[in-house]
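To start, the structure under review is shown below, and the notes come after it.
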Amino acid sequence: MLKIGLTGGIGSGKSEVSRRLSARGAVVVDADKIAREVVEPGTPGLARVVATFGAGVLRPDGTLDREKLGGIVFNDPERLAALNAIVHPLVGERVAQLQSEAPDDAVLVYDVPLLVENKLAPMYDVVIVVDAPDEVRLRRLAEHRGMAEGDAKARIAAQATREERLAAADVVIVNDGSLDDLETRVAEVWELLLRRAARG
């Protein structure tokens, strides 16, 4: 089993790369998606979040109001640590379960936005960084997510720098062109991963 850490800054196109690797047969474990699943209504995770932060973090339909919770923890390291203490172990359990269910010869791709920030690179056989210049990322965030420039810049500034990310990379997928360009590069990287997996 080959363990790949896939990361990239917001707006880099990491999710697009993740989809394309999945289409080629990779088993993709999406950390963000799992973090949402473990606090869905009816889960012990959501019950613990409410017990810690109060019922004010729920929407009227009983789902977690992520924006409201984000507002509480974003500038408060202690509150953020309390949230992480609830969510991270639950994510870890789910990731371990998915890993145990994957075939022995799987190419396992962990889609981890904060891989560099949390110094997780040593956990993986190969770290892939999806990279695009900041101006390209800002344009994408405005076009695809309707994000105001100030918000987009703040999100980029809150993450690792491009230099920090590239320093952690074993493989870089440059994504500053067309989707056809990206497809070509993903195909090359997939061949490289299959060769690496075959070597064991």
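The values are calculated or read from the model by the stated rules, or taken from the named source; none is laboratory data. All figures in this text were calculated on a predicted structure; none of them were measured in a lab. Because the Cβ atoms are built from the backbone with ideal geometry, glycine has one as well, and the counts that use them run over all protein chains shown. SASA here: full protein model, heavy atoms, side chains in, ligands and nucleic acids out. Shrake-Rupley method; radii C 1.70, N 1.55, O 1.52, S 1.80 Å.
Worth a mention:
- Rounded to 0.05, the FRET efficiency of the residue 55 and residue 161 pair, given R0 = 41 Å and the Cβ-Cβ distance, is 0.60.
- The range 94-200: relative contact order as a whole-number percent, Cα under 8 Å and 6+ apart: 33
- Which listed pairs, of 33/153; 119/153; 3/119; 3/153, have C-alpha distances above 21 Å, in listed order: 33/153; 119/153; 3/153
- When you restrict to C-alpha pairs under 8 Å that are six or more residues apart and normalise by the size of the chain, the relative contact order lands at 37 percent.
- Mean ellipticity per residue at 222 nm, deg cm²/dmol - from DSSP H runs of n ≥ 4 across the chain, formula -39500 (n - 2.57): -17000 deg cm²/dmol
- Surface exposure of the chain, expressed per residue as accessible area with a 1.4 Å probe, stands at 55 Å².
- Solvent-accessible area of the chain (1.4 angstrom probe, protein heavy atoms only): carbon and sulfur portion equals 52 percent.
- Pairwise FRET efficiency - residue 23 versus residue 136, Cβ, R0 = 25 Å, nearest 0.05: 0.60
- The range 106-140 residues near the modelled residue 174 label - backbone nitrogen below 16 Å, point 7 Å along Cα→Cβ: 129-137
- Taking 0.36 nm per residue of separation and subtracting the Cα-Cα distance, full extension of the segment from residue 84 to residue 97 would add 2.7 nm.
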